[in-house]
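Below you'll find the structure, written out as structure tokens, and then a few comments.
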Amino acid sequence: MRTLYLREHGGQRQATTIVHDEFNNACYLLTGKWGLRQDVLSLYTMQGSLLAEVKQVTLGLWPKFVLYQNRQRVGVIAKSLGFVRQVIYIRGLNWMVVGSPLSDRYRVYQGNRLVFSTSPLEDTGGLYQAVHIADQDEEPLAILVATILNHWAHRPDHKLAVTWHPRRVDDFHPLRGLSPLVTTSPITKPNRR
């Protein structure tokens, strides 16, 4: 099992990220963009050979991405409904992703075999992910899937804020006095540049 370290790629519209191993050797180059239909993230060796790509094919609340390896379509990953716990099936690869966007920790299985797992590095504030990959041949696709999962975990642009407003309860109500009124309003995160 090898551990690779991946810097968050999600906050930037277009960026290049170098993936390092535990000895701080540069292993892969991740470049591209997402956010629009047909946007592509590509993973290269440090010598410039294309290994794998992920292409965004749909937008919206449940975006869908297609994975390519050696220019052949190998899988499809789509965001699932789940806030505390997510289970995502990657069609084509038969990988099952189990994890939580709140903790940004995921495990990916093929049957009962662990393909890879991800966890944020504690001292970096979630800026770097540790990706523990069982088989070196699966590293390109594992890096792309980990990048997508990390993007989804840090993606909520619109969060709901709960605000408590005191309001006057009718004098004939048994709970006379003040009671809370809950309202929700969208909060938008500023764009990181």
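The values are calculated or read from the model by the stated rules, or taken from the named source; none is laboratory data. Just so it is clear, the structure is predicted and the values come from calculations on it, not from any experiment. We place every Cβ from the backbone using ideal geometry, glycine too, and count neighbours over all the protein chains shown. Accessible surface areas use protein heavy atoms only, side chains included; no ligands, DNA or RNA. Shrake-Rupley method; radii C 1.70, N 1.55, O 1.52, S 1.80 Å.
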If a residue has to be at pLDDT 80 or above and not in a strand (DSSP E or B) to count, how many in segment 74-84 make the cut? 1
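Considering only segment 51-60, state which residues are assigned to a loop (DSSP other than H, G, I, E, B) and either free of Cβ contacts under 8 Å to residues at least 12 places away in the same chain or in contact with a Leu (Cβ under 7 Å, 6 or more places away or on another chain) (or both).
Selection gives Gly60 alone.
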Of Tyr28, Tyr89, which residue is of a type in the set (Phe, Trp, Tyr) and open to solvent by 60 Å² or more (accessible area, probe 1.4 Å)? Tyr89
Among the residues of segment 61-73, which ones are open to solvent by 60 Å² or more (accessible area, probe 1.4 Å) and assigned to a loop (DSSP other than H, G, I, E, B)? Leu61, Trp62, Asn70, Arg71
Does Asp104 qualify as being crowded, with 18+ Cβ neighbours inside 10 Å, modelled with pLDDT under 90, under 24 Å from Asn24 (Cα atoms) and charged (D, E, K, R)? yes
For His151, all conditions in the list (1) at pLDDT 80 or above; (2) within 15 Å of the chain's Cα centre (by Cα); (3) open to solvent by less than 50 Å² (accessible area, probe 1.4 Å) hold save one; what is the number of the exception? (1)
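Checking the conditions here, which among Leu93, Leu114, Leu36, Leu4 is part of a loop (DSSP other than H, G, I, E, B) and at pLDDT 90 or above? Break it down into steps so the answer makes sense when it comes.
Details: Leu114 fails: part of a loop (DSSP other than H, G, I, E, B); Leu36 fails: at pLDDT 90 or above; Leu4 fails: part of a loop (DSSP other than H, G, I, E, B).
Answer to the selection: Leu93.
I'd like the full set of residues that are assigned to a loop (DSSP other than H, G, I, E, B) and at pLDDT 90 or above, limited to segment 117-144.
Ala134, Asp135
For segment 154-163, indicate whether the set of residues that are modelled with pLDDT of 50 or more, on the phi < 0 side of the Ramachandran plot and surrounded by 10 or more Cβ atoms within 10 Å (Cβ to Cβ) is non-empty.
Of all residues in segment 154-163, those modelled with pLDDT of 50 or more come to 154-155.
Now drop any that are not on the phi < 0 side of the Ramachandran plot, which leaves 154-155.
With surrounded by 10 or more Cβ atoms within 10 Å (Cβ to Cβ) added as a condition, the list becomes 154-155.
Within segment 154-163, one or more residues are modelled with pLDDT of 50 or more, on the phi < 0 side of the Ramachandran plot and surrounded by 10 or more Cβ atoms within 10 Å (Cβ to Cβ).
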